[in-house]
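Contents: one structure, followed by commentary.
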Amino acid sequence: MANLLLTNRCLRACPYCFAGRELEPGGRGTSVSWEDAVYVADFLFRSGEDRLALLGGEPMLHPEFVDLLLYFRARGLHLTVFTSGMGPAATLRALEAHLPAFDGDTLQFVCNLNDPEQTPPARGEPARVHRFLTAFGPWVMPAFTIYRPDFRLEFLFDLIGQHGLTRHLRLGVAHPVPGAPSRHVSPAQYREIAGRLCSYRPLFERFRVKPGFDCGFPMCQFTDAQLGWLQRLCGEAARFECGAAIDIAPDMSLYHCFPLSRFQRRSLYEFDTLADVNRFYDRLRDDLHAELPGIFEECDDCIQRREGSCAGGGACHLMSRMIGEASVRLPEIDRALADVGVPGRARTD
Amino acid sequence: MPLPTLVCPDAPGLIERLHGRTLAVRVDEPEAIAGAARGVRSSDNELCCVICDALRPLADLDLRDDWDGVPIALGVPEAGRFRDLAPSIPRLRDLDLRVYLAADRPDNLVALRLLSSLGVPCCATFAGGAPDWAALTDLMTYALLASVPHAPIDPFEHIADHYEPPFATEWGATCFADPRCYLHLDEEGRVALARSELLAGVVIAEDVADIADEADLVSHPALVERAVRRLRLFEQDHPCARCPGWRVCLGTLADSLDTAPGCAAFFTEMLDVIDQRRDQRSRDREPVKWRP
Amino acid sequence: MATLILKATEACNSSCAYCDVVHKPRQGPAQMSLPVLERVFHRIDEFLRESPDEELEVVWHGGEPLLPGPAFYARAVELQQQHCAETSARVSHSVQTNLSLFSREFARLFRQLGMDCIGTSYDPIAGVRGPGDRPDTAAYNAKFMRGLRIAEEEGFGWGVIYVVTKLALERPADVFYFMTNLKLDGGVNFHPVLVYGPEPRHLAITPGEFADFLGAIFPVWWRHQDRYPEVEPFRSFVRNAREGAISLGCGDSGRCSHSHWNVAPDGSVSHCGRSADWGLLPYGTVFDHSLAEMRRDPQRQALAHRNEVLPRGECQGCRLWAICHGGCPLDAWADQHSFDHRTPWCQAKKKFVEEYFEPITGLRCEFDAEGRTVQPA
């Protein structure tokens, strides 16, 4: 699945945001044009892909968000909207009015929610999020980004019950942005985080909420008992991946994921299909892993990593570690680093 | 040889007087479309289509059940907001209908692309002011080269399909403006070569019966004069005469050249795009059928 | 095929700035008389009877060949029927006209002569062509277009020569698109203006300038040959480079020595139009010599001799010899007052081939003695 950033404008300023310079917190931002929206739909059709994730910034800030949503649906795409829930009131009203156009599972919202105590919201934010969740609760999968080991999930279970959100919690960890300061979780904190997550076992079980991991969690940070519990709860083995998100910016530039947005940035117009894009960014990740198999020393010999059941943590951590080190890397990596201005690296041809 | 299709008003008296003709009936209101079609079909004339220049956005129109089976040329000033149009898309696709939008409005260029991408045939018209030629070039390139299935956007599709180098391609017929294909009648049955001429009272015959056959028409001084008008561009060394895009324009916009200075680059690019499309198709990359 | 250039008149209703026919001092009558015309057809029949394997093309030329009017051509039709009853199948006709006087009556008569195509010339640049000392281009253009429309309506094909003057050097692309738009399916031929005297200097171009003019438009033609077919000299260059020296005009063929007659309005015969204009190669008149006799005129040896002299002299080792033969002998004479030289226009060809044609096409212009292409080892 590809992610299309409808706009790079965002109303929130989350302390852990790893979208970095891709977003324009204030200002008017850049929005996807209709011409490019048609192009993306065509591109996905050509790729045999019928799913599209719409991101921002805050995608609902695109002035024609509802129209775009309906257009992509009319093109036969199943849509997932990643939102803060902070859409303009008029947009939410229009969205509500057109919700019947989306039958079955053709539209889903993933709403990234912050703990109001640990991440104090801006003025007016809770009311707006509340309005969104009230209107679209059954279409909303709650999501939470862990950026401190003492995170708290209680508020989420409240919201799930209060608004009838889907009982699947999407959990991500705050990633580093290589070469730029950002608040993130270090590899040393993962075991503590795994333990804290499993401490919410009673709530997960009582509310029948299934956790799912966004990319970057290493499997080894969970005990066998914890993994067994997760599998029983979810009905399937948890996945510990780090794949290319394939983010398409409003100007149709393309990158692996937010944290790696400065590396190997390309244009969508350079590729014929999504498979071509995936192959391209797989190579970037393979290059990184050839140099550093994973975020821990133990990753070198880890059988789960070799067999593909764990990615060995996020590639962004690997890239972060390489920045500032001596130039002994693979030429491909050095070129990627040089492209984003890391000193002492060989320039691209 | 039969005469061209007659574009006439929905005037029962006139239609009754005509026999064995192919008619494109013009109505003022979308609500009159089905009735006009019935009127022609109940006469001994054949229906080409019903032409309606609606004054409301496409999204605001009621696409009535009785439009089924009626070929419709539907002119609208704009498409309207997509959210309002979206519910009509399946219906628009099912009807035998082509949407006409003036190319001089940037939002119409977007609408043409959206409609095409959703399987609704459409046509850009050039009667008004100067379009954004760069945006139009982009639309034309999409129309002719996009490998993903989409409905035709005329006149680009028509030109690309009919252009046979080295010869030039006429495309006025896509909007009923080629007298070799369409003659225009008023309620009294007077005949003009173009709608604009009919509205200005410039008629070539008081009655279509005065034009015996196609040969009579082809040699008619008014039609000959139109050909001469084209040669006059050469006579005057007009910029159109030395335009690289002449083969797919033929000076169509010569009168508005001062307000449309980008047309030469546009039509020149179109020739190259058509060449590219032929290469594409010769490599067996025919577009597959539209979906979903 | 033998070619008989028939100057129906040396008068012209246009006074194109570069034309040396209308400006030359005239001694005989401007228009061909009917007795001369009759004698010509008599001579044509006589020639074809004596040479049963020959065919002959009559090129109606001028001046403006339509000036004598339809009655003159009606008489030509009658005379051909009368004198060439058994040989007319081997006679073909063509005409080089400015079209300004073309009419449906001319169309009917030309069809009777078996013509289905008309040769003409045009220039959209003001001040070059037209009647009067200061050519009235607007009036001329209107008449040309009228004639052109009649020709097309009457089903005639046509080809057009564009004479490249100094004025065209500033806008080669404009000229190219204009001419190929006017004649969509090709039949456009670009020629350099040939200015022999001191005037008109403002129109004269050098061979190098002509090569650069061609070089400016050649890439467009090369890229879009299906869009602009039959544009000369490009098409011939490509054909010759690919297939050998097979597509050559009279000036490049090296074979004009025994193929041409030019009959002036008074019945005097010379080799070609230009030789007649300059008083060169007089072969007699249609009244006192047969075409066959004039074809055997020893003066023609001077032209044939050129093919022996040049390859050993000025053209020795030139890889373009097979498609050039030193150029038109009359051009050589104009430059050096001798046929035994190459023409200055050889340089135009060489420059165009080396600087534009070969680098752009990747084709190589190299031929053996028989004119076959020679591929580099």
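The values are calculated or read from the model by the stated rules, or taken from the named source; none is laboratory data. Being a predicted model, the structure only gives us computed values, none of them experimental. Neighbour counts are summed over all protein chains in view; Cβ atoms, including those assigned to glycine, are modelled from backbone coordinates with ideal geometry. We work out accessible area using only protein heavy atoms, side chains counted, and drop any ligands, DNA or RNA first. Shrake-Rupley method; radii C 1.70, N 1.55, O 1.52, S 1.80 Å.
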### Task
For residue B:65, indicate whether it is at pLDDT 95 or above and either in contact with a Lys or Arg (Cβ under 6 Å, 6 or more places away or on another chain) or away from chain A (no Cβ under 14 Å) (or both).
yes
### Query
Can you name the residue in region B:150-161 that is touching a residue at least 60 places away in the same chain (Cβ under 8 Å) and out of contact with any strand residue (DSSP E or B) (no Cβ under 8 Å at 6 or more places or on another chain) and, of all such residues, is farthest from residue C:186 (Cα to Cα)?
B:150
### Message
Give me the residue from region A:235-257 that is charged (D, E, K, R) and closer than 23 Å to residue A:8 by Cα and, out of that set, least open to solvent (accessible area, probe 1.4 Å).
### Response
A:247
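Residues checked against (1) touching a residue at least 24 places away in the same chain (Cβ under 8 Å); (2) buried (at least 22 other Cβ atoms within 10 Å of the Cβ); (3) within 28 Å of residue C:228 (Cα to Cα):
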site: B:129; (1), (2), (3): yes, no, no
site: B:132; (1), (2), (3): yes, no, no
site: B:143; (1), (2), (3): yes, yes, yes
site: B:148; (1), (2), (3): yes, no, no
site: B:163; (1), (2), (3): yes, no, yes
site: B:167; (1), (2), (3): yes, no, yes
site: B:185; (1), (2), (3): yes, yes, no
### Task
Return the pairs, sorted by first residue and then second, in which the second residue is surrounded by 13 or more Cβ atoms within 10 Å (Cβ to Cβ) and acidic (Asp, Glu), the first residue lies in region A:271-287 and is farther than 17 Å from residue A:46 by Cα, the beta carbons are less than 6 Å apart, and the residues are 6+ apart or on different chains.
A:287/A:332
### Query
In region B:65-107, how many residues are β-branched (Val, Ile, Thr) and farther than 26 Å from residue A:72 by Cβ?
2
### Query
Does residue C:149 meet the test of being more than 26 Å from residue C:232 (Cβ to Cβ), within 14 Å of another protein chain (Cβ to nearest Cβ) and of a type outside the set (Val, Ile, Thr)?
no
### Query
For region B:108-135, how many residues meet the condition of being more than 11 Å from every other protein chain (Cβ to nearest Cβ) and either within 20 Å of residue A:44 (Cα to Cα) or of a type in the set (Ser, Thr, Tyr) (or both)?
1
### Task
Can you tell me which residue within region C:24-38, out of those that are at pLDDT 95 or above and open to solvent by less than 70 Å² (accessible area, probe 1.4 Å), is farthest from residue C:57 (Cα to Cα)?
C:33
### Query
Is it fair to say residue B:88 is within 11 Å of another protein chain (Cβ to nearest Cβ), surrounded by fewer than 22 Cβ atoms within 10 Å (Cβ to Cβ), in contact (Cβ under 8 Å) with a residue 24 or more places away in the chain and over 30 Å from residue B:211 (Cα atoms)?
yes
### Selection within region C:176-218 - outside any loop (DSSP other than H, G, I, E, B) and small (Gly, Ala, Ser)
C:208, C:211, C:215, C:216
### Query
Do the conditions hold for residue A:37, that is, is it without any contact (Cβ under 8 Å) to a residue 24 or more places away in the chain and either buried (at least 22 other Cβ atoms within 10 Å of the Cβ) or more than 9 Å from chain B (Cβ to nearest Cβ) (or both)?
no
#### Entry: Candidate set from region C:176-196 (those that are within 8 Å of chain B (Cβ to nearest Cβ) and open to solvent by 20 Å² or more (accessible area, probe 1.4 Å)); member that is modelled with the highest pLDDT
C:177
## Note on the structure
Here, strands (runs of 3 or more DSSP E) confined to region C:72-175 with at least 1 residues that are free of Cβ contacts under 8 Å to residues at least 12 places away in the same chain and open to solvent by less than 10 Å² (accessible area, probe 1.4 Å) are none
## Note on the structure
Flagged pairs (Cβ under 6 angstrom, 6 or more apart or on separate chains; first in region C:311-329, acidic (Asp, Glu); second open to solvent by 10 Å² or more (accessible area, probe 1.4 Å) and assigned to a loop (DSSP other than H, G, I, E, B)) are C:314/C:342
### Query
Of all the residues that make up region B:1-44, how many are under 27 Å from residue B:93 (Cα atoms) and part of a loop (DSSP other than H, G, I, E, B)?
4
### Message
Regarding region B:92-99, can at least one residue be identified that is within 11 Å of another protein chain (Cβ to nearest Cβ), part of a helix (DSSP H, G or I) and open to solvent by 30 Å² or more (accessible area, probe 1.4 Å)?
### Response
yes
### First in region C:339-350 and within 23 Å of residue C:281 (Cα to Cα), second anywhere and of a type in the set (Ser, Thr, Tyr), Cβ under 9 Å, 6 or more apart
C:344/C:206
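Residues are listed down the side, and each one gets a yes or a no for (1) within 14 Å of another protein chain (Cβ to nearest Cβ); (2) open to solvent by less than 10 Å² (accessible area, probe 1.4 Å); (3) at pLDDT below 90:
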position: C:210; (1), (2), (3): no, no, no
position: C:219; (1), (2), (3): yes, no, no
position: C:249; (1), (2), (3): no, no, yes
position: C:267; (1), (2), (3): no, yes, no
### Query
Can residue B:89 be described as under 30 Å from residue B:133 (Cβ atoms), among the β-branched types (Val, Ile, Thr) and either part of a helix (DSSP H, G or I) or more than 17 Å from the chain's Cα centre (by Cα) (or both)?
yes
### Message
Exactly one condition in (1) closer than 28 Å to residue A:31 by Cα; (2) touching a helix residue (DSSP H, G or I) at 6+ places or on another chain (Cβ under 9 Å); (3) modelled with pLDDT of 80 or more is false for residue A:336; which is it?
### Response
(3)
## Note on the structure
Residues of region A:215-234 being under 28 Å from residue A:259 (Cβ atoms) and either open to solvent by less than 20 Å² (accessible area, probe 1.4 Å) or touching a residue at least 60 places away in the same chain (Cβ under 8 Å) (or both), in sequence order, are A:215, A:216, A:217, A:218, A:219, A:220, A:221, A:222, A:230
### Query
Quick check: is even one residue across region A:157-177 in contact (Cβ under 8 Å) with a residue 24 or more places away in the chain, surrounded by 15 or more Cβ atoms within 10 Å (Cβ to Cβ), of a type in the set (Phe, Trp, Tyr) and farther than 26 Å from residue A:136 by Cα?
no
### Message
Out of the residues in region C:19-71 meeting the condition of being more than 30 Å from residue C:134 (Cα to Cα) and part of a loop (DSSP other than H, G, I, E, B), tell me which one is nearest to the chain's Cα centre (by Cα).
### Response
C:55
